[in-house]
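Beneath this line is the structure, given in structure tokens, with notes to follow.
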Amino acid sequence: MIFICRTGFATETESNTGDSRPLYDTACGRFPDFRSMNHIQKGRLKIRHELEAPPALRKFGSGWASGVLGLVLGLSGLGLVAILRFPGIFMMDETAKLIAHPAFRTGLFVLLVLAFAFSMLSLVLRSGKTLGMTGMGVTLLAVTFGGAGATALTPNMTPLYLGLDFFILRLLFTGFLFIPLETIFPHRDDQGMFRYEWREDLLYFLVSSMLVQVLTYLSFIPANTIMAVTVWTTFRMWVASLPFVIQFLAIMFLTDLVQYWVHRLFHRIPMLWRFHSVHHSAQAMDWMAGARMHFLEILILRSTTVIPMIVLGFSQSAVNTYIFVVYLYATFVHSNLGWKFGIVEKFLVTPRFHHWHHGIEKEAIDVNFAVHFPLLDRLFGTHHMPEDNRWPSGYGISGHPVPKGYWQQFLHPFRRKKRKPPLEH
Ligand SMILES: [Zn+2]
Ligand SMILES: [Zn+2]
């Protein structure tokens, strides 16, 4: 949809073109005209433009933060009630014990009370009532649907499930960990929480979480196949008997080594680059940006990097700890954190290191492939960390060749298109 402000400046807003520029028109200093839309479109866009409100309308005391909190907690509460109602569809095997614990229902009750309280606070503080009313509405819907006392409506019919619980718990945990840090110590302090293309990255986050079962199953096939056709018993026993710290560091190094070369191939081979270009299409970096990755790339990357971890016989505790740490680490290196790490930058990958991998300028092409140890890039000649503490001026691929929107990006690698991969130095 195009609308034109008094100055004659045309701004594209929400549209079928998949464009997702901020709704607030800074050139006009006003929001779009909602008159030509139906009620659902209007409601959705009103919520979106409230979330993407300019800094002046997000200040402390404006009711924006409480409105966002009320809405996020209310939606999370509604999702958790849906899991209690349909555990066979939305609950992972791994979280079943956690959800069955009585403390889970107490936690859900507290979450719904907080959602209600924050939405109420936003209604009191904010002149626009969209966030407060929506937060209140979804919280009341969650309570009506059964609230913390909800019981299962359907039996568990199949072993298959969607990881809605994984999505909500992952989003709450990672968001509450990184959003305060990015707000207090930002690299780019003009970048809001609901920045350019946040909805696309949230959708990537949702899809990879919901499909956690199929992704995990497929990712372990190569490693399990190697295990089935080779015998490593004595060696595996020796590895499992090593001290935990040694095992953890060995997994970190070996995984990064495999990841380095698979990642480099994704840049080098034109067909693979078409998949990986989706990850590089992000024009804003933060805790959610790393989630933008083509489904097949996630599969290839995970199924190759787990091979040393599984085949060499590391203990389950070392493997589980690494999986948790690598998730946090991958989020951290994409985050909008401006911390200065000094000498540590020479030994461990930091946000500045990985931001250079995503940099839009020429000097950032095909550099910094490692995700843990910059040593790998030094060894293989792809290290790039300007001594003057510079960061890249922007992110993405020059010319922005990747289309917008999840489905367009999903189909992008399969579409015939003449495009050169970036040249290796
Ligand atoms: Zn890359
Ligand atoms: Zn990345």
Exercise for review: Being outside any helix (DSSP H, G or I) and of a type in the set (Phe, Trp, Tyr) is the filter here, so list the residues in the range 211-227 that pass it.
Suggested key: 220
Review point. Within the range 248-279, can you find the residues that are within 12 Å of ligand 2 (Cβ to nearest atom) and either modelled with pLDDT under 95 or surrounded by fewer than 21 Cβ atoms within 10 Å (Cβ to Cβ) (or both)?
Key: 259
Review point. Out of the range 151-161, which residues are surrounded by fewer than 19 Cβ atoms within 10 Å (Cβ to Cβ) and touching a residue at least 40 places away in the same chain (Cβ under 8 Å)?
Key: 151, 152, 153, 154, 155, 156, 157, 158, 160
Exercise for review: Just name the residue that is surrounded by the fewest Cβ atoms within 10 Å (Cβ to Cβ) out of those in the range 127-140 that are among the small types (Gly, Ala, Ser) and out of contact with any Ser or Thr (no Cβ under 8 Å at 6 or more places or on another chain).
Suggested key: 127
Review point. Do we have residue 231 as open to solvent by 40 Å² or more (accessible area, probe 1.4 Å), under 23 Å from residue 304 (Cα atoms) and without any contact (Cβ under 8 Å) to a residue 12 or more places away in the chain here?
Key: yes
Exercise for review: For the range 318-332, name all the residues that are open to solvent by 50 Å² or more (accessible area, probe 1.4 Å) and either under 17 Å from the mean Cα position of the chain (by Cα) or basic (Lys, Arg) (or both).
Suggested key: 323, 324, 327
Practice item. Being within 23 Å of residue 283 (Cα to Cα), among the basic types (Lys, Arg) and either more than 23 Å from the chain's Cα centre (by Cα) or part of a loop (DSSP other than H, G, I, E, B) (or both) is the filter here, so list the residues in the range 351-395 that pass it. Key: 362, 390
Practice item. State which residue pairs qualify: first residue open to solvent by less than 80 Å² (accessible area, probe 1.4 Å) and aromatic (Phe, Trp, Tyr) and inside the range 96-113, second residue part of a helix (DSSP H, G or I) and modelled with pLDDT under 95 in any location, beta carbons under 8 Å apart, and separation of 6 or more residues or different chains. Key: 104/98
Point to revise | Some residue of the range 270-277 being touching a Pro at 6+ places or on another chain (Cβ under 8 Å) and either without any contact (Cβ under 8 Å) to a residue 24 or more places away in the chain or away from ligand 1 (no atom under 13 Å from the Cβ) (or both) | key: yes
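Mind listing whichever residues of the range 287-300 are among the hydrophobic types (A, V, I, L, M, F, W, C) and more than 11 Å from ligand 2 (Cβ to nearest atom)?
287, 288, 295, 296, 298, 299, 300
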Exercise for review: Take the range 33-86 and flag every residue that is open to solvent by 20 Å² or more (accessible area, probe 1.4 Å), assigned to a loop (DSSP other than H, G, I, E, B) and either among the small types (Gly, Ala, Ser) or in contact with a Phe, Trp or Tyr (Cβ under 7 Å, 6 or more places away or on another chain) (or both).
Suggested key: 33, 36, 52, 54, 58, 61, 62
Check your understanding: Do the conditions hold for residue 349, that is, is it away from ligand 2 (no atom under 15 Å from the Cβ), surrounded by 19 or more Cβ atoms within 10 Å (Cβ to Cβ) and of a type in the set (Val, Ile, Thr)?
Key -> no
**Study point:** Residue tally, condition within 13 Å of ligand 1 (Cβ to nearest atom) and closer than 17 Å to residue 260 by Cα, over the range 350-365
**Key:** 8
Exercise for review: Would you confirm whether any residue within the range 178-186 is more than 26 Å from residue 351 (Cα to Cα), crowded, with 19+ Cβ neighbours inside 10 Å and touching a residue at least 24 places away in the same chain (Cβ under 8 Å)?
Suggested key: no
Practice item. Might you check whether a residue that is in contact (Cβ under 8 Å) with a residue 40 or more places away in the chain, under 28 Å from residue 307 (Cβ atoms), open to solvent by 30 Å² or more (accessible area, probe 1.4 Å) and assigned to a helix (DSSP H, G or I) occurs anywhere in the range 198-210? Key: yes
Review point. Just one of 236, 195 is crowded, with 18+ Cβ neighbours inside 10 Å, basic (Lys, Arg) and in contact (Cβ under 8 Å) with a residue 12 or more places away in the chain; which is it?
Key: 195
Point to revise | Only listed residue being surrounded by 18 or more Cβ atoms within 10 Å (Cβ to Cβ), in contact (Cβ under 8 Å) with a residue 24 or more places away in the chain, closer than 18 Å to residue 69 by Cα and among the aliphatic types (A, V, I, L, M), chosen from 143, 124 | key: 143
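With open to solvent by less than 20 Å² (accessible area, probe 1.4 Å) and among the hydroxyl-bearing types (Ser, Thr, Tyr) as the only criterion, which of 315, 335 stands out?
335
The values are calculated or read from the model by the stated rules, or taken from the named source; none is laboratory data. Everything quoted here is computed from the prediction, not taken from an experiment. Methodologically, a virtual Cβ is constructed for each residue, glycine included, from the backbone with ideal geometry; neighbour enumeration extends over all protein chains shown. Note: accessible area is taken over every heavy atom of the protein model, side chains too, but ligands, DNA and RNA are not part of it. Shrake-Rupley method; radii C 1.70, N 1.55, O 1.52, S 1.80 Å.
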